[in-house]
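K.L.:
Before I ask anything, here is the structure I am working with.
The values are calculated or read from the model by the stated rules, or taken from the named source; none is laboratory data. Worth saying up front: this structure is predicted, and the values here are computed from it rather than measured. Every residue, glycine as well, gets a Cβ built from its backbone with ideal geometry; the counts of neighbours run over all protein chains shown. Heads up: the accessible areas ignore ligands, DNA and RNA and are worked out on the full protein's heavy atoms, side chains in. Shrake-Rupley method; radii C 1.70, N 1.55, O 1.52, S 1.80 Å.
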Amino acid sequence: HGQFQRLGGGNNLRNSQERTGTFMMVLSPSQETTPCDSNAMGSGVFSYKNGMLCAHISYTGLENGDVENRSHIHGPSEIGETYAETILAFFDQKMTDGLPGGNKSRCYDLSEVDDAKGYDEGTVEDWLFDGLLNVNIHTKLCDKGELRGQIILISGDD
């Protein structure tokens, strides 16, 4: 698909107050655009309702007992494509409230994310429902990412 184009050109935003969804993600080194020699794996379940995205992520087996130095939700990008930017952070060494380690649970108000990033209202929500967000776990061994997983809608409104 190459270039990302926002559906509706920003004029036909979907109403986040009515939209709900359940999403899944499988974390693996094979999804990285720069492959990492690792046997690590993980998964995630996400729920979206009333503008809130809640993420529950678990992973194990980082190579050589490494620990993450950053973990994010990136986008917009399709499976196997390079992402444009960091959308949300679970953990960064500069964060005071970050969530390091193999288990993470956190909720985000996507309207606040749109505002903070300077996006049109509903942008991150649209990327989520269009399958254009992914999670990336970065380590010292694989700075560009040891694990990556695309967030995919499995049930809900589209």
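K.L.:
Suppose R0 equals 22 Å; then what is the FRET efficiency for T82 and K49 from their Cβ-Cβ distance, rounded to the nearest 0.05?
P.N.:
Given R0 = 22 Å and the Cβ-Cβ separation, E is 0.15.
K.L.:
I've got another one for you. State, as an integer percentage, the relative contact order of segment 49-158 based on alpha-carbon contacts under 8 Å between residues 6 or more apart.
P.N.:
31 percent
K.L.:
Continuing with the same structure: Would you calculate the separation in nanometres between label points at T22 and H56, each defined as 7 Å from the Cα along the Cα-to-beta-carbon direction?
P.N.:
Rounded to a tenth, the inter-label distance reads 1.0 nm.
K.L.:
I've got another one for you. Output the peptides 63-76, 127-140 sorted from most to least packed, where packing is the average of other Cβ atoms within 10 Å over each peptide's residues.
P.N.:
127-140, 63-76
K.L.:
Take the solvent-accessible surface of the protein heavy atoms, probe 1.4 Å, and return the percent of it on segment 106-158 that carbon and sulfur atoms account for.
P.N.:
Summing carbon and sulfur atoms, their accessible area is 45 percent of the total for segment 106-158.
K.L.:
Quick check: from the Cα gyration tensor, does segment 43-158 come out rounded (a/c under 1.5), prolate or oblate?
P.N.:
Because a/c hits 1.5 or more and a/b exceeds b/c, segment 43-158 counts as prolate.
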